[in-house]
Amino acid sequence: MNREIKIPSKKERHQLFGSVVPGLKTKPTEKLKMADLQNSKKDFLFSIDAVGISNVKHPVILLSDLSPNEQTTIANFKMTSTISYDSKGTNMSRFTEQLEAYRQNGGFVLSLNNLFDFTKELAERLKQNDASIEVTFPWFYERKGPSSALVGLNHSEATLAVTYEEGQGFTTSAKLTTAITTLCPCSKEISEYSAHNQRGYVSMEVEFTPDYHEQIDWKAALLHAAETNASAMIHPVLKRPDEKMVTESAYENPRFVEDMVRLVAADLYELDFIQAFTVQCRNEESIHLHDAIASLSYRKN
Ligand SMILES: Nc1nc2c(ncn2[C@@H]2O[C@H](COP(=O)(O)OP(=O)(O)OP(=O)(O)O)[C@@H](O)[C@H]2O)c(=O)[nH]1
């Protein structure tokens with residue numbers, strides 16, 4: 001049986017747990033009279049390549065060629081700028097202030113043009129010559145069972161990164177990591193029956209050509225490159241006829257990690273809006289505790 005308790009008032013409870021009466025306060029409470037340490041100017045020895053905030057979760061609006069064509073997703077923001085050797089610190093509050101300005105102006109639409117505007121305005125707000133932003137988010141899209149056509153939602157992890165430098169303009173990169181099935185060609189070759197297969201993760205990091213425009217959905221193009229080269233695609237809803245097709249597709253299209261990165265690279269090579277790319281594949285091996293990995297990078301002339 002529980003002990004009967006006489007709960008003291010909230011103030012008494014706080015005192016019981018260590019709260020004390022505020023002491024004499026002598027420091028200014030008005031912003032203009034407060035010390036502004038971060039804006040001190042002195043020789044602080046080194047310039048800093050990147051200072052700012054990371055792991056900022058924020059809702060964003062995402063447009064997509066695949067259904068749903070518009071979605072709200074939760075992005076993870078990293079925002080930085082350089083600071084010179086003669087500045088003590090950055091103005092941390094201005095990063096989230098800038099994010100809030102976009103939220104209040106109809107929501108943060110995660111387009112490249114919007115990121116360009118955001119990054120340039122961020123540099124201006126920070127009174128720096130440059131700013132960088134990296135946004136990582138799950139992108140959701142419908143996927144149909146190959147026979148039943150039953151629909152469910154899949155997702156891949158996407159990242160967009162933009163750097164603005166006064167006088168230089170913008171540099172951009174994008175990354176997509178998507179899950180696939182791979183079936184081991186060696187296992188298929190040597191075994192009387194079956195072959196081990198596993199969930200693999202294909203990551204594609206790309207640099208766009210200068211004339212890239214967002215009429216082409218880069219996410220959908222990269223997803224296509226990864227999935228159409230896999231042993232089989234991953235599906236949220238599968239009935240028996242679907243499962244039979246997916247299983248047989250994997251057996252008909254065996255892939256090593258090396259095969260995956262080379263085949264995906266060939267697709268990215270053919271995409272005119274991509275200037276350079278790195279492809280990685282990581283197979284979570286079902287017959288080992290370790291993963292099998294491969295990666296390659298290529299820059300087009
Ligand atoms: N530069 C810097 N600031 C930090 C850090 N950690 C916390 N902060 C705090 O971030 C707070 C807000 O920074 P600021 O944006 O410079 O605040 P402010 O000077 O009132 O804002 P402005 O009016 O925009 O100049 C400061 O009170 C800092 O103490 C840090 O590692 N570096």
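Counting only lysines at least 8 places from LYS120 when in the same chain, those with an alpha carbon closer than 20 Å to its own are LYS78.
Can you tell me the FRET efficiency between ASN91 and LEU16 if r is taken as the Cβ-Cβ distance and R0 is 45 Å, rounded to the nearest 0.05? List each step's numbers first, then the result.
Values: r = 40 Å, r/R0 = 0.89.
Calculated transfer efficiency: 0.65.
Here's the list of lysines a cross-link from LYS188 could span, going by alpha-carbon distance under 30 Å and ignoring same-chain residues fewer than 8 apart: LYS144, LYS239, LYS244.
Using the heavy atoms of the protein chains alone and a 1.4 angstrom probe, what is the accessible area of the chain per residue in square angstrom? All intermediate terms of the calculation are to be shown ahead of the outcome.
Numbers: 18770 Å² over 301 residues.
On a per-residue basis, the chain sits at 62 Å².
Hey, how many Å between the Cα centroid of the range 195-221 and the Cα centroid of the range 243-264? A separation of 18 Å, based on Cα centres.
Scaled against 2.2 N^0.38 Å for its residue count N, the alpha carbon radius of gyration of the range 41-179 is 1.24.
Within the listed set ARG13, ARG255, ARG94, the residue fluctuating most in the Gaussian network model of the chain (springs between alpha-carbon atoms under 10 angstrom) is ARG13.
Between GLU207 and LYS27, the FRET efficiency from the beta-carbon distance, with R0 = 41 Å, is close to 0.25.
Just list whichever of LYS25/LYS127; LYS57/LYS300; LYS33/LYS88 have alpha carbons separated by over 27 Å in the model shown.
Numbers: LYS25/LYS127 33 Å; LYS57/LYS300 35 Å; LYS33/LYS88 19 Å.
Too far apart for the 27 Å limit: LYS25/LYS127; LYS57/LYS300.
Counting other C-beta atoms within 10 Å, and keeping those with at most 14, which DSSP coil trypsin sites (Lys or Arg not before Pro) do you find in the range 106-141? All intermediate terms of the calculation are to be shown ahead of the outcome.
Values: sites: LYS120, ARG125, LYS127; in loops: LYS127.
Listed in order of number, the matching sites are LYS127.
Which FRET efficiency, nearest 0.05, do ASN129 and TYR269 yield, Cβ-Cβ r, R0 45 Å? Computed FRET efficiency for ASN129 and TYR269 comes out at 0.80. Each listed q (0.10, 0.11, 0.14, 0.17 Å⁻¹) maps to a log10 I(q)/I(0) for the range 53-299, found by the Debye formula over equal Cα scatterers with no solvent: -0.56, -0.67, -0.97, -1.25. Only helices enter this figure: runs of n ≥ 4 DSSP H residues, each worth -39500 (n - 2.57), summed and divided by the residues of the chain, yield -7500 deg cm²/dmol at 222 nm to the nearest 500.
On full extension of the chain, what length is gained from ASP49 through ASN114, given 0.36 nm per residue of separation minus the C-alpha to C-alpha distance?
That pair, ASP49 and ASN114, stretches by 21.0 nm at full extension.
When the solvent-accessible area of the chain is split by element, carbon and sulfur atoms take up 51 percent of it, the probe being 1.4 Å.
Cross-link partners for LYS42 among the aspartates and glutamates, with Cα-Cα distance under 19 Å and sequence neighbours closer than 8 places in the same chain left out: ASP86.
The values are calculated or read from the model by the stated rules, or taken from the named source; none is laboratory data. As the structure is a prediction and not an experimental result, all values here were calculated from the model. All Cβ positions, even for glycine, are placed from backbone atoms using ideal geometry, and neighbour counts span all protein chains on display. In case anyone asks, the SASA skips ligands and DNA or RNA and just uses the protein heavy atoms, side chains included. Shrake-Rupley method; radii C 1.70, N 1.55, O 1.52, S 1.80 Å.
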